[in-house]
């Protein structure tokens, strides 16, 4: 497991994330998330919806991990994860470049 996924596991333990498409979409609208993970194998409709919302609200998006990788990191089967802590989100964004993962800005 790479360091971003390890940090995601820590964020879950700190209770600083929101999971599930509807909950994350609602949190994006309310601007309560600072970073969103979207599974690379998410459905077309889910992918479009999350991409559009994060772009409109200018929230960084990471969509390079599969649903299995994300689910294993947080211990729940999920396609969409939102980080609600600015410090954790910033740490992941800074680290993503060095781990070969891209972020949308």
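The values are calculated or read from the model by the stated rules, or taken from the named source; none is laboratory data. All of these numbers come straight from a predicted model, not from anything done at the bench. Neighbour counts are summed over all protein chains in view; Cβ atoms, including those assigned to glycine, are modelled from backbone coordinates with ideal geometry.
Among residues of the stretch 1-15 that are over 13 Å from residue 91 (Cβ atoms), those with a beta-carbon under 6 Å from a residue that is modelled with pLDDT under 90 at least six positions away or on a different chain give the pairs 2/99.
Among the residues of the stretch 27-65, the one identified as surrounded by fewer than 15 Cβ atoms within 10 Å (Cβ to Cβ), touching a strand residue (DSSP E or B) at 6+ places or on another chain (Cβ under 9 Å) and farther than 15 Å from residue 88 by Cβ is 55.
Does residue 23 satisfy the criteria of being in contact with a strand residue (DSSP E or B) (Cβ under 9 Å, 6 or more places away or on another chain), part of a strand (DSSP E or B) and modelled with pLDDT of 95 or more? Considered against the rule, which asks whether it is in contact with a strand residue (DSSP E or B) (Cβ under 9 Å, 6 or more places away or on another chain), part of a strand (DSSP E or B) and modelled with pLDDT of 95 or more, residue 23 comes out as no. Annotation: residue 78 fulfils all but one of (1) touching a strand residue (DSSP E or B) at 6+ places or on another chain (Cβ under 8 Å); (2) at pLDDT 95 or above; the unmet one is (2).
Considering only residues in the stretch 44-83 that are assigned to a helix (DSSP H, G or I) and under 23 Å from residue 13 (Cβ atoms), the one that is nearest to the chain's Cα centre (by Cα) turns out to be 70.
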